[in-house]
Structures are given as C-alpha cells and as structure tokens.
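First up is the structure itself, then whatever we jot down about it.
The values are calculated or read from the model by the stated rules, or taken from the named source; none is laboratory data. As the structure is a computational prediction, the values presented were derived from the model and not from experiment. Counting neighbours? That spans all protein chains shown, and the Cβs are built from the backbone with ideal geometry, glycine included.
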2 protein chains.
Amino acid sequence: MSAASQINIVAIVTVPGDSLGEATKAFQTCVLASRREPACLFYDFGQDMGDPERFVASEAWRDEAGLKAHEASPHFQALLKTLEAMKAKVEIMRLASLVPA
Amino acid sequence: MSAASQINIVAIVTVPGDSLGEATKAFQTCVLASRREPACLFYDFGQDMGDPERFVASEAWRDEAGLKAHEASPHFQALLKTLEAMKAKVEIMRLASLVPA
C-alpha cells in the first residue's frame, strides 16, 4: 500500500458513564476542526445506539501524510488529553481503503 | 433521536483467510453501488493494516429511511449472501452522528 493511498480510521471509544456529556462536547469540537483539514475526506463521531457509553469515530484521510498532520493537530491532541483524563478506553483500527475516493 | 437524524454504520467483518480475494471484490462492488444511493453521505470498506482478515465498513446515511432502503438493496443483499456463504463473521454498530452533515 503506497503512502499516497487513502487511509480510513475507525476508533472505538468507551467512555465512563459519568463523562458522557463532556466526551460528547470534546468529540464534537474535534469533528468540526478535523473537517477543516485539507486531507480530510470524511470525519464524524457517532454514539452507539445499543450502548450509550460507546462512541465510534469514522474517518477517511487522503493519504498517510494527511493522517499524520491530523494526529499532530492541537484539536486531536486536546481530545486525547480529555479522553485520558476521564480514563476512556480507545481502540484504533487503521484501514487501507478498498475504493479510494 | 428522530428518524430524520443521520445514522453512521460501522461494520467489522472477519473473513476466512482463503476468501480474501472474493470478499474484496464483493466489498468493492457494494461500495460502488452504495455510493450511488441518494441517501448515502459516505460509504467505504477498508482492510485492517494490522489484520488482513478484518475488513471494516464506514458508512453515513442521511436518515433511517435511507439506511433501510440500502439494507433492502440488491447490492447489499448480494454482499450479505456472499459473506454468509464464506462464513464471515459480521458485527454491526449503529451510531447516532454527533455532528450531522
């Protein structure tokens, strides 16, 4: 897979029950800022309808460099800090798109 | 959450090692057809870079009716049949978007 290939990210975040409001705001802030990044093809967080403590990020990045820029961005770093402070559990899957945009 | 709200889907599909080629083609066919659906905001499959037998769908649908139309579509039904025949394992998460398009 070349560095020029589209990368999708799915991240499953499990948030403690008493931090749902704070987590939701933090996710929304990160979504809005991430969508403004030039390499961003798609970015959203959704709350699992079957488990309100589970939130899932769906992301698509034009290439590896774009994803790296996102990971270094202040808004993503701020989200990581918030999630760490509330002891959320994070599982990240890096995916090679089968049908790049 | 109103029926008019955007729904994201993340589906994690685990495919037997001897069916990766067939599964990839089936996913790609479904992606191309799904992207033509009017209610489709985003649709892609990606292969997990850490586990080649794991494929993850990232989808965003304008509303419940749009998702239902997709689930009834010939291309989605054909994918389900293919995955069933190869005994793939499918986990589907239905997510309420935190920042609808």
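Of everything listed in (1) under 10 Å from the mean Cα position of the chain (by Cα); (2) facing chain B (nearest Cβ under 10 Å); (3) not in a helix (DSSP H, G or I), the single unmet condition for A:Leu41 is (1). All conditions but one from (1) within 16 Å of B:Ala101 (Cβ to Cβ); (2) in contact with a Ser or Thr (Cβ under 9 Å, 6 or more places away or on another chain); (3) among the charged types (D, E, K, R) apply to B:Arg35; the one that does not is (2). Number of residues in the range B:53-101 that are more than 14 Å from the chain's Cα centre (by Cα) and modelled with pLDDT of 95 or more equals 14. Restricting the range A:35-46 to residues that are without any contact (Cβ under 8 Å) to a residue 60 or more places away in the chain and either among the hydrophobic types (A, V, I, L, M, F, W, C) or touching a Pro at 6+ places or on another chain (Cβ under 8 Å) (or both) leaves a set whose member that is farthest from A:Ala69 (Cα to Cα) is A:Phe45.
A single member of B:Ala96, B:Ala23, B:Ala78, B:Ala60 is more than 9 Å from chain A (Cβ to nearest Cβ) and either farther than 25 Å from A:Leu41 by Cβ or in a strand (DSSP E or B) (or both), and it is B:Ala78.
The residues of the range B:8-34 that are under 11 Å from the mean Cα position of the chain (by Cα) and free of Cβ contacts under 8 Å to residues at least 24 places away in the same chain, listed by number, are B:Gln28, B:Val31.
Residue count for the range B:48-76 under the criterion of being touching a residue at least 60 places away in the same chain (Cβ under 8 Å) and in contact with a Ser or Thr (Cβ under 7 Å, 6 or more places away or on another chain): the result is 1.
Starting from residues that are closer than 14 Å to A:Ile9 by Cβ and in a loop (DSSP other than H, G, I, E, B), keep the ones in the range B:44-57 and report whichever is nearest to the other protein chains (Cβ to nearest Cβ). The selected residue is B:Met49.
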